[in-house]
Amino acid sequence: EEVVSPYQVGEDRDVETSLRPKSLTEFVGQVRVRDQLGVVLESAKRRDQAPDHILLSGPPGLGKTSLAFIIALELGASIRVTSGPAIERAGDLAAMLSNLAEGDVLFIDEIHRIARPAEEMLYVAMEDFRVDVVVGKGPGATAIPLDVAPFTLVGATTRSGLLTGPLRDRFGFTAHMDFYSKDELVRVLHRSARLLEIDLTDEGADEIGRRSRGTPRIANRLLRRARDFAQVRANGVLTREVCRAALAVYDIDEIGLDRLDKLVLEALVNGFAGGPVGVSTLAIAVGEESQTIEEVVEPFLVRAGLLARTQRGRIATESAWQHLGLTPPTGR
Ligand code: ADP
C-alpha cells in the first residue's frame, strides 16, 4: 500500500531531497503555475522587494514543497521550513517570525492545520509585518508590538477549502497544482533516472508514467521499485516488460487507479447505485479516513472523469460504470 501512497513515506525523504528540481525551468509541467510564478518572482526582484505571499494548493506529491524551495532559490533568499501541526502555540510562531531576516521565505506546509491563535498572529504578520507579544496574565497583561522583517510566506495546503477566509485573503497569489499528464511524468522519470543512474527505456518510462496516478512522488517511487526488480530479475535495464512485471504486484490499472481508488468507485457504483452519496459515508464503506478520500482519492477520480461532485453528494459518471465493465443504468 505504501508504495503507491502519494504521501511521503519511509525512504522517500532522502531520495526526494536529491531529486528536487532546483529552478523553475527544471520543474516539469504545471505550465500555468510556472509562468505566473515566474512573473511574480521576476517583478519582485526588479522592484527589489519581497514578493506577495504565495499559496500552493493541491493533492500530496505534486511538487508543492519543491516549488517552495525553488521560490527561495530564484529569489536568492533563505528559507525557513515548518508546518501547521508543528505550530501549536502562538508563541512558537512569534519566535519564528521575529527571527526572520529581510527577504526570507517562510514555508508553512499543511497550513490549514495551524492552530487558531497562531493563525490570527499570522494574519497580522503577513499584512503589517508585526507581531503582538502578550506579556503577563489577566488584567495586567499587555501586548508589546514587535516588528517583523518583510518576508514572503509560502503556504502549502492539500485542502484550500479548510483555510479561513481572512487567511486566504492575505495571499497575493494562489497556485492550484493539478495532476500531471503521462507525458509530463515521463519527463520527470527520465530526469530522475539520469540522476539516480538508472537505465530506463522510453517504453519503460511510458509504462511507469501511466501507472503513477498523475503524481511525481509515486512515479519516482515506482521507478525505484522497478530498478530493484530489474537488478534482481533482469539485466538492470528497465524495458516495458520489466516495468510491467515489476509493477504488476502493486495493483495499479492502465489509467492509474490504485486499489483504494477502485474500492471507492466500486462502493459508489455497487453499494450506492452510483450515488449521490456523501464523502463520509463512502469513507466508512471502504474503511478509510474521510481525509484520505477527500484529499487523495476524490481529486484523482474527478480528474479522471469518473466521479462528479454535486450539491447532493458524489455521483459516478457514465465512464465509471464503463471502467468497471458495467453498463450504466438508463434514465439517470
Ligand atoms: P508535495 O510537497 O506537493 O507533497 P513534493 O514537492 O515533496 O510534493 O514532491 C515530491 C517529489 O516529487 C519531489 O521530491 C520531486 O522529486 C518530485 N517532483 C514533484 N514535482 C516535480 C516536478 N514538477 N518536476 C520534477 N520532479 C518533481
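The values are calculated or read from the model by the stated rules, or taken from the named source; none is laboratory data. For clarity, every value in this text was computed on a predicted model and none was experimentally measured. When we count neighbours, we look across all protein chains shown, and the Cβ atoms used for this are built from the backbone with ideal geometry, even at glycine.
Would you kindly identify the strands (runs of 3 or more DSSP E) lying entirely within region 47-147 that contain at least 2 residues that are within 30 Å of Ser181 (Cα to Cα)?
54-57, 79-83, 105-109
Taking region 237-287 only, how many residues are at negative phi, out of contact with any helix residue (DSSP H, G or I) (no Cβ under 8 Å at 6 or more places or on another chain) and assigned to a loop (DSSP other than H, G, I, E, B)?
Residues flagged as at negative phi, out of contact with any helix residue (DSSP H, G or I) (no Cβ under 8 Å at 6 or more places or on another chain) and assigned to a loop (DSSP other than H, G, I, E, B) within region 237-287 amount to 3.
Sort out which residues of region 288-332 are under 25 Å from the mean Cα position of the chain (by Cα), loosely packed, with under 14 Cβ neighbours inside 10 Å and either at pLDDT 95 or above or assigned to a helix (DSSP H, G or I) (or both), and write them in order of number.
Listed by number, the residues that qualify are Gln291, Gly305.
Within region 303-312, track down each residue that is closer than 17 Å to Arg210 by Cα and without any contact (Cβ under 8 Å) to a residue 40 or more places away in the chain.
Within region 303-312, Gly305 is the sole residue that qualifies.
Within region 187-227, restricting attention to residues that are within 22 Å of Phe27 (Cβ to Cβ) and polar (S, T, N, Q), which residue is farthest from the ligand (Cβ to nearest atom)?
Ser212
Can you name the residue in region 1-35 that is more than 9 Å from the ligand (Cβ to nearest atom) and surrounded by 18 or more Cβ atoms within 10 Å (Cβ to Cβ) and is also farthest from the chain's Cα centre (by Cα) among such residues?
Ranking the qualifying residues of region 1-35, first place goes to Leu24.
Quick check on region 149-156. Is at least one of its residues loosely packed, with under 13 Cβ neighbours inside 10 Å and not aromatic (Phe, Trp, Tyr)?
no
Looking only at region 253-268, how many residues end up being touching a Leu at 6+ places or on another chain (Cβ under 8 Å) and either surrounded by 21 or more Cβ atoms within 10 Å (Cβ to Cβ) or among the small types (Gly, Ala, Ser) (or both)?
So the count comes out to 6.
Given the condition more than 23 Å from Leu257 (Cα to Cα), assigned to a loop (DSSP other than H, G, I, E, B) and without any contact (Cβ under 8 Å) to a residue 12 or more places away in the chain, answer yes or no: does some residue in region 172-190 qualify?
no
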